[in-house]
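The block underneath contains the structure these notes are about, expressed in structure tokens.
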Amino acid sequence: MTKFRNSLSKKLTAMNMLVSAGALLLASVAFFGYDLVTFRTNLVTNASIQAQIIGSNAVSPLLFNDSKSAETTLSGLRASQHITYAGIYSAHGDFLAGYWRDQPSQPPALPSVDPVTRETVNFADKEFILARSIPFQGKEVGYVFIRSDLGAINDRLRSYAVILFTILTASLVAALTLSRISQRSIARPILALADTAKVVSEHKDYSVRMPVPRDRDEVSVLVDEFNQMLTEIQNRDSALQQSEEQFRTLANSIAQMAWMGDSEGNLTWYNQRWYEYTGTTLEQMAGWGWQQVHDPQKLPEVLPKWRAALVKGEVFEMIIPLRGADGNFRQFLTRAVPIRDAQGKVARWFGTNTDITEQLRAEENLRQTEKLAATGRLAASIAHEINNPLEAVTNLIYLARRQPANAEKYLRLADEELDRIAQITKNTLGFYRDSASPTKMNLSEALQEVLALYSRKMEFKRIVLICDPGDDIEITGYPGEVRQVFANLIANAIDALPREGTLRVRASRGCCRDGVTERGVRITFLDNGSGISSADLKKIFAPFYTTKKNTGTGLGLWLVKGLVEKHRGTLHLRSSTEQGRSWTAFSVFLPEHALRN
Amino acid sequence: MIQSWQIFDYSSFPIFGDPDQTSKHLDALDETGRSSGVDHGPKIMVIDDETLIAETVVEILKGEGFNAISVSSGDLAVELAKTMRPAVVLSDVMMPGLNGIETGIRIREIVPNCKIILFSGQAATGNLLEEARNSGHVFEILAKPIKPANLVSAIRASMPSH
């Protein structure tokens with residue numbers, strides 16, 4: 001049993017004793033007090049009666065001034081051991097006879113006596129005196145004077161003390177015994193409860209149970225509830241353990257690598273797949289040790305982003321290369337989600353790394369394929385542009401041969417047509433000029449060249465083109481890819497436009513709206529075609545999503561988005577399908593420098 | 001936001017000159033240097049929005065003794081067909097206004113025996129032809145560029161006398 005300096009049982013015992021002793025003392029004091037007062041009154045009454053007896057026997061000695069018989073009368077007082085002195089005095093207060101219990105001495109002077117009560121009582125320190133007049137035939141013939149010590153009271157007090165002590169002792173023993181018994185029913189269950197609680201909290205053992213006391217009282221309810229609580233904790237504990245186990249099993253069986261960390265971002269747990277892929281141990285990886293498997297070149301980009309996510313408590317998402325046990329890096333889509341407690345504070349972080357190396361490779365392949373396919377489509381659309389002047393040239397050369405007189409003029413016309421063809425091939429070449437690193441390019445010029453390639457198609461549909469290509473705006477990027485972006489957006493607009501629709505194209509210098517301010521160029525393509533429905537808007541950039549069932553591959557806008565992002569640019573799309581006022585606007589922002597060094 | 005829009009001028013592109021210019025070039029040809037065509041016999045109508053092509057083809061056909069005229073649009077050709085009643089129509093496919101297929105269908109309604117030959121520089125005409133075939137209109141098609149000798153023999157094969 002736990003030892004407390006002021007244990008509940010000690011307190012209970014002390015309380016019992018105090019109450020019993022207090023009550024007993026109070027009762028005794030009241031009782032003895034009353035008894036003492038009564039006793040003193042009796043003492044005086046006894047003395048007064050004795051004085052009267054002496055008085056009535058002293059009448060004749062007084063009348064005859066017979067001190068001898070007066071002394072005899074007084075000697076009867078020898079039986080009263082507390083009377084130290086008694087004297088008989090004449091009516092004038094003269095001493096007649098006296099009695100001394102101890103040594104006879106000088107008789108004391110008579111005090112004045114109240115003529116009405118005929119008696120005077122005075123208490124002094126250790127004695128009291130009583131003087132009484134002796135009447136005879138209505139006249140005072142003398143006085144009796146008695147002096148008594150208070151030994152009687154002291155004797156009584158002494159015996160009281162003995163009685164009180166005995167009773168007190170006996171009752172305290174009884175109280176102690178009673179409290180021991182009462183403890184058994186009150187204190188003991190509570191103390192046992194306290195001990196059990198201590199065992200539970202110290203050993204985290206929720207399987208212990210308290211025996212419920214037989215008496216149904218508050219304590220038994222308390223014990224009952226305590227047991228109930230333990231059962232509940234045990235259930236919750238096992239449910240928690242089970243879900244934790246399930247989580248571990250799940251986390252170890254998923255294809256992703258997973259990990260957990262505290263609110264500060266110190267990682268404390270990784271799933272099996274992490275260790276298998278990286279070939280590391282928890283000791284190496286704990287806290288911020290994961291940096292070991294990161295690409296040192298990428299880390300300066302990862303760390304600030306991770307720290308910012310930790311501070312803001314926001315979801316972290318980034319494609320990060322991680323080194324495998326074989327020393328090769330693979331690309332992982334890394335996501336970390338803050339787990340919040342009931343107060344909304346970040347309690348811990350849960351993260352996953354999904355290997356998207358193959359996906360990225362497949363996407364890159366698809367992008368390359370689509371670039372080639374787009375080039376193919378472009379080739380088909382410009383075939384017309386080339387075939388028409390070729391037809392004219394063929395005819396003109398034939399005519400020049402047939403009509404030598406006009407040969408000069410036919411050949412001049414053929415020359416002009418050949419210039420047309422040369423211009424087309426020159427414009428087309430821009431699409432193939434795909435440099436490995438970004439180069440400086442005149443964006444305004446590129447935009448006009450691409451528009452020129454589609455001018456025939458636009459004229460065929462009688463599309464009104466309103467264009468502001470900007471004033472020789474230059475950017476650093478991949479010229480072929482920028483042209484591809486323009487070509488896809490223009491071709492889409494032409495497809496969407498009805499006969500005699502309007503296409504507005506505008507390029508202007510500007511700054512990026514969201515995030516860090518960055519100088520660049522914004523190119524807007526606005527057509528008043530049928531617009532894009534909100535359902536299509538959501539999926540329009542997804543690969544293989546197309547609304548042109550037979551002619552589209554569904555990769556055009558996906559490619560545009562990919563190429564714009566490659567240039568660290570942004571692509572915005574807004575559209576309205578409102579009847580008669582429909583429109584679609586694509587807005588491309590390209591930063592001045594596609595890649596920051 | 002849009003302040004400095006300008007109406008875009010197609011002719012500012014060097015590859016796409018004003019189509020009317022080409023006819024001017026041909027008009028400037030020496031009158032005496034032209035081969036004299038015939039203005040009798042079955043009529044051949046050559047339709048192309050690129051008038052340089054239409055006029056050079058007509059020039060070639062006239063040189064071979066055909067009675068040919070050039071027309072710069074499908075709409076105009078349909079209008080002319082009512083009075084001219086051509087025996088053979090050679091038409092470009094991708095043209096502003098009525099395209100070659102629509103023009104052919106319309107002309108056939110006016111002149112049921114008229115032979116329609118399409119010539120196109122674009123692969124994308126496949127869809128248009130497919131649509132026409134589905135509605136019962138089958139046209140012969142030639143691909144641009146075509147050698148004048150081949151063009152002439154194709155026309156010759158289509159002439160009603162054969």
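The values are calculated or read from the model by the stated rules, or taken from the named source; none is laboratory data. All figures in this text were calculated on a predicted structure; none of them were measured in a lab. For neighbour counting, all protein chains shown are included, and Cβ atoms are generated from backbone atoms with ideal geometry for every residue, glycine included.
Looking only at region A:483-510, how many residues end up being within 14 Å of chain B (Cβ to nearest Cβ), within 16 Å of residue A:443 (Cβ to Cβ) and of a type outside the set (Gly, Ala, Ser)?
4
Does any residue of region A:160-172 turn out to be hydrophobic (A, V, I, L, M, F, W, C) and within 21 Å of residue A:8 (Cβ to Cβ)? So that I can check it myself, show each step before the final result.
In the first step, residues of region A:160-172 are kept if they are hydrophobic (A, V, I, L, M, F, W, C); the result is A:161-165, A:167-168, A:170, A:172.
The next check asks that each one be within 21 Å of residue A:8 (Cβ to Cβ); those that pass are A:172.
Yes: one or more hits.
Exactly one of these conditions fails for residue A:148: (1) within 55 Å of the chain's Cα centre (by Cα); (2) among the hydroxyl-bearing types (Ser, Thr, Tyr); (3) under 30 Å from residue A:71 (Cα atoms). Give me its number.
Condition not satisfied by residue A:148: (1).
Any residue at all in region A:449-456 that's touching a helix residue (DSSP H, G or I) at 6+ places or on another chain (Cβ under 6 Å), buried (at least 23 other Cβ atoms within 10 Å of the Cβ) and among the aliphatic types (A, V, I, L, M)?
Yes: one or more hits.
Residues that are more than 14 Å from chain A (Cβ to nearest Cβ), more than 26 Å from residue A:457 (Cβ to Cβ) and more than 14 Å from the chain's Cα centre (by Cα): list the helices (runs of 4 or more DSSP H) wholly contained in region B:57-134 that include at least 3 such residues. So that I can check it myself, show each step before the final result.
Numbers: elements: B:74-84, B:100-110, B:125-134.
In region B:57-134, the matching helices (runs of 4 or more DSSP H) lie at B:74-84, B:100-110.
For the list (1) buried (at least 16 other Cβ atoms within 10 Å of the Cβ); (2) more than 20 Å from residue A:378 (Cβ to Cβ); (3) modelled with pLDDT of 80 or more, I need the number of the one condition that residue A:565 fails.
(1) is the only condition that residue A:565 fails.
Does region A:32-76 hold any residues that are under 20 Å from residue A:109 (Cβ atoms) and either crowded, with 19+ Cβ neighbours inside 10 Å or under 60 Å from the mean Cα position of the chain (by Cα) (or both), and which are they? Before the answer, list the steps.
At the first step, the residues of region A:32-76 found to be under 20 Å from residue A:109 (Cβ atoms) are A:47, A:51, A:54-55, A:58, A:62, A:65, A:67, A:70-71, A:74.
Scanning region A:32-76 gives A:47, A:51, A:54, A:55, A:58, A:62, A:70, A:74.
Each row is one residue, and each column tells you yes or no for (1) under 60 Å from the mean Cα position of the chain (by Cα); (2) under 30 Å from residue B:62 (Cβ atoms); (3) of a type in the set (Val, Ile, Thr); (4) more than 7 Å from every other protein chain (Cβ to nearest Cβ).
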{"site": "A:392", "(1), (2), (3), (4)": "no, yes, no, no"}
{"site": "A:398", "(1), (2), (3), (4)": "no, yes, no, no"}
{"site": "A:401", "(1), (2), (3), (4)": "no, yes, no, yes"}
{"site": "A:417", "(1), (2), (3), (4)": "no, yes, no, yes"}
{"site": "A:420", "(1), (2), (3), (4)": "no, yes, no, no"}
{"site": "A:440", "(1), (2), (3), (4)": "yes, no, no, yes"}
{"site": "A:447", "(1), (2), (3), (4)": "yes, no, no, yes"}
{"site": "A:456", "(1), (2), (3), (4)": "no, yes, no, no"}
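All but one of (1) within 25 Å of the chain's Cα centre (by Cα); (2) under 16 Å from residue A:355 (Cβ atoms) hold for residue A:320, so report the exception by its number.
Status for residue A:320: all satisfied but (1).
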